[in-house]
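Enquirer: Sharing a structure, written as structure tokens. Questions coming.
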Amino acid sequence: MISVPARERLILPLDVPSTDEAENIIETLGDAVCFYKIGYQLMSVGGIDLAKKLSSKKKKIFLDFKFLDIGATVEKGVASAVTLGGDFLTVHAERDAMEGAVQGRGDDKRLKLLAVTVLTSWDEETLRDFGIESDVETLVLSRAEKAALAGFDGVVASAKEAAAIRARFGDALQIVTPGVRPQGSSTNDQKRVVTPAAAIKVGADYLVVGRPILAASSPQKAATDIVSEIEQSF
């Protein structure tokens, strides 16, 4: 497993409708969180400028853009994303898209490319609805292999599959795990969830945790407790 301080392993998603609300969250959390995820909801209402601002303040940024298109289009999109100063960028685990992403990233040493394997809101029934005759773990491993061959730095995958990814790829792929919920938290729309300690123990490198922190009476304490749980998991 990569050597990263526990506080940098916790990623807080800024899934809110305005940058004002996002900045309020950042101020409330203070030094308890240093890694933030910006995705679809915030992207089109100032999230791009916020990413640049946070990067300039030495915060770590996860650009959860989930690019998926023909390779040439993804290449151009990633080349633009490099200018934002982000640390992670997501691309769906489709070969042409991933190859384009690697070309678009170029020689940038900071931006790590992550392949989205199977969304944590999906299960076998969802796969069957899409005509995919596979179990989730088999599909995740297949897509992880394509990501490794394409030259990606890591994958986004449920902790339910993290142990299998770690067993097959060792430290060749970093594992970012959403769907993490502290004991007693609601699972909401996630179907494949685990606790922070369990996720780290099975091989996850980074944990994306949102609602259990933001809905807490003291978000800063909730974040600090999760970081402590991560530290104690090693």
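Enquirer: Which of the GluC sites (Glu not before Pro) across segment 62-171 are loop residues per DSSP, with 12 or fewer other Cβ within 10 Å?
Expert: Details: sites: GLU75, GLU94, GLU99, GLU124, GLU125, GLU133, GLU137, GLU145, GLU161; in loops: GLU94, GLU133.
For GluC sites (Glu not before Pro) across segment 62-171 that sit outside H, G, I, E and B with at most 12 neighbouring Cβ atoms in 10 Å, the list reads GLU133.
Enquirer: PRE reach from SER3 (point 7 Å along Cα→Cβ): which of segment 52-66 fall under 12 Å by backbone N?
Expert: none
Enquirer: In deg cm²/dmol and to the nearest 500, what is the mean residue ellipticity at 222 nm of the chain if only DSSP H runs of at least 4 residues count, each as -39500 (n - 2.57), divided by the residue total?
Expert: On the way: 11 runs with 101 residues, N = 234.
Using -39500 (n - 2.57) per qualifying helix, the result is -12500 deg cm²/dmol.
Enquirer: Restricting to Cα pairs below 8 Å that are 6+ residues apart, what does the relative contact order work out to for the chain? Please round to a whole percent. Don't skip to the end; give the middle numbers.
Expert: Details: 458 pairs, mean separation 44.6, N = 234.
The normalised contact order for the chain reaches 19 percent.
Enquirer: For segment 1-80, what percent of Cα pairs sit more than 22 Å apart? Numbers along the way, then the final one.
Expert: Numbers: 932 of 3160 pairs.
Above the 22 Å cut-off, segment 1-80 has 29 percent of its Cα pairs.
Enquirer: May I ask you to list the lysines whose Cα is less than 27 Å away from that of LYS160, ignoring any residue fewer than eight positions away on the same chain?
Expert: Correct list for LYS160: LYS37, LYS60, LYS66, LYS112, LYS146, LYS191, LYS201, LYS221.
Enquirer: Please report, to one decimal in angstroms, the Kirkwood hydrodynamic radius of segment 6-231 built from all distinct Cα-Cα pairs.
Expert: Evaluated over segment 6-231, this radius sits at 17.7 Å.
Enquirer: Could you compute the FRET efficiency for LYS53 and ASN24, with r as their C-beta to C-beta distance and R0 at 22 Å, rounded to 0.05?
Expert: 0.95
Enquirer: Quote the charge dipole size of segment 6-231 about the Cα centre in Debye, to the nearest 20; the model charges only the Cβ of Lys and Arg (+1) and of Asp and Glu (-1). Present the calculation step by step, with values, prior to reporting the outcome.
Expert: Working: 28 positive and 33 negative charges, 115 e Å.
The dipole of segment 6-231 has a size of about 560 debye.
Enquirer: For segment 55-100 and segment 138-178, compute the distance between their C-alpha centroids and round to whole Å.
Expert: When both Cα centres are located, 18 Å separates them.
Enquirer: Same structure, new question: Whole number please: convex hull volume per residue, Cα atoms of segment 35-88, in Å³. Before the final figure, lay out the partial values.
Expert: Values: hull volume 3.7 nm³, N = 54.
Given the Cα convex hull of segment 35-88, per-residue volume reads 68 Å³.
Enquirer: Can I get the semi-axes of segment 70-201's equivalent ellipsoid? Compute them from the C-alpha gyration tensor as square roots of 5 times the eigenvalues, in angstrom, largest first.
Expert: Numbers: eigenvalues 132, 59, 39 Å².
In descending order, the three semi-axes are 26, 17, 14 Å.
Each reported figure results from applying straightforward, stated rules to the coordinates on display, with no laboratory input. Source: prediction; values computed, not measured. Methodologically, a virtual Cβ is constructed for each residue, glycine included, from the backbone with ideal geometry; neighbour enumeration extends over all protein chains shown.
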